[in-house]
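Engineer: After the structure tokens below, expect a handful of questions from me.
The values are calculated or read from the model by the stated rules, or taken from the named source; none is laboratory data. Note that this is a predicted model, so its numbers are computed, not measured. Cβ atoms come from the backbone with ideal geometry, glycine included; neighbour counts cover every protein chain shown. All accessible areas refer to the heavy atoms of the entire protein, side chains included, with ligands and DNA or RNA removed. Shrake-Rupley method; radii C 1.70, N 1.55, O 1.52, S 1.80 Å.
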Amino acid sequence: MATLGDKEYFKGIGEIKYEGKESKNPLAYKFYNPEQVVAGKTMREHFKFAVAYWHTFCGQGADPFGPGTQNFPWDQSNDPIKAAKEKADAAFEFITKLGFDYFCFHDFDLVQEAPTFSESEKRLSTIVDYLKEKKSASGVKLLWGTANCFSNPRYMNGASTNPDFNVLARAGGQIKLALDATIALSGENYVFWGGREGYMSLLNTDMKRELDHMGRFLGLARDYARAQGFKGNFFIEPKPMEPMKHQYDFDAATVVGFLHQYGLQDDFKINLEFNHATLANHTMQHEMEMAASHGLLGSLDANRGDYQNGWDTDQFPNNIGEITEAMLVFLKAGGLKGGGVNFDAKLRRNSTDMDDIFHAHIGGVDTFARALVVADKIISSSQYDSLRKKRYSSFDSGKGKDFENGKLNFTDLYKIAQENGELELQSGKQ
């Protein structure tokens, strides 16, 4: 049921329902049926769809060549607390009309950062109390919280990797408040995106020292949150570059190595974003497979890049083939480890109507739902699995199985090679 504040922001738009693929209603789901069971779970359980507070309610359509075009009604007040409450009212109206169960936020998405640290803390505490009321009234939950330690100029050289200890300490203070807010709002997870944890030039960078600092910093954050009773997962979100030339959380493989290097693998998992995967010259399927193979597939940020551009465009997902390949990994891995599917996507600059926000999310949701059904069919009704298994069948018995079980040494391999002679080619059925 839709949750409204003092006024209705999305007038004329009711709750978005599933009407099936024959429906001509643009404000209805054609493929996302929350209660439909696919591979043993309902779609609602599989996806745990979330709205991103920052793009959906804070973005205004600005780009490097001009100011914002989206003059939304919740952005009108000059009083930061009043503005934050109106934004929250709009957010919970939208989330409940969309039929989502979750939202995600950065700390200063919720309320404008103040000129001083102490005043920022007061503002954040005030709006968290208000959000508790909104959550209670609506039943909407917090998938994860995070802190924006990359936009403020103080973080131009990084946060936990900053060469100035005082900046690192300020980041620690800010993240403490964001963790406190997440815990107060019963957040299920907490995300670290190291937007400026990296370097512009190695000529003035002590990489080893910065990585050690980041590892120690994340360990301290974990210890603090656990001491406050936080039981959820911590996620790291990879991205190869932009805004920094090189970011330390380059891709899933880099994060896997980092977590093991600093002993964080038991508490941290990976939050993967489609657009970030393509920026690293990977597919999302690759990134998800890498994370899943280490038991670290935590959560997904749903979007896509522009295939003609080399930067992060955060467009809404609409590529059925791309999402289907991701859903193959998703299903084979048994789903996500604590996270969900968060729409980290924004309206285009030239989309300025209130219903545009609904059309964008509905299209993205239906893309995921349709892809999930297709992926399940591929797994359950095609040769997909049997073809993959057949490729590795030589390891299922005999000497191949002995190799996997650690029963062969290198001399054994040499002798087997001698005995086998020249080999016939085996097709990969590409």
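Engineer: Do any trypsin sites (Lys or Arg not before Pro) in segment 241-307 lie in a DSSP loop with no more than 12 other beta carbon atoms within 10 Å, and if so, which?
Structural biologist: 245
Engineer: OK, next. Would you pull out the residues with amide H under 5 Å of residue 236's amide H, same chain only if 5 or more places away, H placed 1.01 Å from N?
Structural biologist: Placed amide hydrogens put 192, 269, 270, 271 under 5 Å from residue 236.
Engineer: Please list, by residue number, every one of the GluC sites (Glu not before Pro) in segment 18-123 that is coil in DSSP and has at most 16 other beta-carbon atoms within 10 Å.
Structural biologist: 19, 22, 35
Engineer: Under 5 Å between amide H atoms, partner at least 5 residues away or on a different chain: which partners does residue 49 have, H built in plane at 1.01 Å?
Structural biologist: Under 5 Å from the amide H of residue 49 lie the amide H atoms of 101, 341, each far enough along the sequence or on another chain.
Engineer: What is the helix-to-structure angle for 252-261, meaning the angle in degrees between its Cα long axis and the longest Cα principal axis of the chain, kept from 0 to 90 and rounded to the nearest 10?
Structural biologist: With rounding to tens, the tilt is 90 degrees.
Engineer: From the protein chains alone at 1.4 Å, what is the descending order of accessible area for 160, 201, largest first?
Structural biologist: 201, 160
Engineer: Of the candidates 324, 42, 278, which one comes out as most mobile in a Gaussian network treatment of the chain with C-alpha springs shorter than 10 Å?
Structural biologist: 42
Engineer: Of the accessible area of the chain, with the probe set at 1.4 angstrom, what percent is carbon plus sulfur?
Structural biologist: Roughly 50 percent, rounded to a whole number.
Engineer: Could you put 193, 74, 311, 54 in order of accessible surface area, largest first, with the 1.4 Å probe and the full protein assembly present?
Structural biologist: 311, 193, 54, 74
Engineer: How big is the accessible area of residue 241 in square angstrom, nearest 10, if you roll a 1.4 angstrom probe over the protein chains?
Structural biologist: 60 Å²
Engineer: Looking only at 167, 329, 111, which one moves most when the chain is put into a Gaussian network model with springs between Cα atoms under 10 Å?
Structural biologist: 167
Engineer: Hey, what did the chain get for relative contact order, percent, Cα under 8 Å, at least 6 apart?
Structural biologist: 16 percent
Engineer: Additional query: Using each residue's phi in segment 137-152, evaluate 6.51 cos²θ - 1.76 cosθ + 1.60 at θ = phi - 60° and report the 3J(HN,Hα) Karplus result to the nearest Hz, with x for Gly and Pro.
Structural biologist: These are the phi-based 3J(HN,Hα) values: 6, 9, x, 6, 10, 9, 6, 6, x, 7, 10, 8, 10, 9, 7, 4 Hz.
Engineer: Could you state the per residue volume, in Å³, of the convex hull enclosing the Cα atoms of segment 231-273?
Structural biologist: 71 Å³
Engineer: Mind checking which of 59, 158, 12 has the largest fluctuation in a GNM of the chain, springs on alpha carbons under 10 Å?
Structural biologist: Ranking 59, 158, 12 by mean-square fluctuation puts 12 first.
Engineer: Kirkwood Rh, Cα Rg: Rg to Rh for segment 186-328?
Structural biologist: In segment 186-328, Rg relative to Rh is 0.98.
Engineer: Which of rounded, prolate or oblate describes the chain when judged by the alpha-carbon gyration tensor and an a/c cut-off of 1.5?
Structural biologist: oblate
Engineer: Here is a follow-up. In terms of solvent-accessible area of protein heavy atoms at a 1.4 angstrom probe, what is the ranking of 355, 89, highest value first?
Structural biologist: 355, 89
Engineer: As a check on your grasp of the helix formula, calculate [θ] at 222 nm for the chain: sum -39500 (n - 2.57) over DSSP H runs of n ≥ 4, divide by the residue count, round to the nearest 500.
Structural biologist: For the chain, the value works out to -13500 deg cm²/dmol.
Engineer: Next question, about the same structure. Report, in whole Å, the centroid distance computed from the Cα atoms of segment 269-292 and segment 324-367.
Structural biologist: Going from one Cα centre to the other spans 15 Å.
Engineer: Which pairs, out of 7/132; 135/337; 41/85; 337/377, put more than 27 Å between their alpha-carbon atoms?
Structural biologist: Where the Cα-Cα span goes over 27 Å, the pairs concerned are 41/85.
Engineer: What's the center-to-center distance, using Cα atoms, between segment 125-192 and segment 1-51 in Å?
Structural biologist: After rounding, the separation between the Cα centres reads 29 Å.
Engineer: Across segment 210-227, in residue order, what do the Karplus-derived ³J(HN,Hα) couplings come to in whole Hz, using 6.51 cos²θ - 1.76 cosθ + 1.60 with θ = phi - 60° and x for Gly and Pro?
Structural biologist: Along segment 210-227, the couplings run 5, 5, 4, 5, 5, x, 5, 4, 5, x, 5, 4, 4, 4, 5, 5, 4, 5 Hz.
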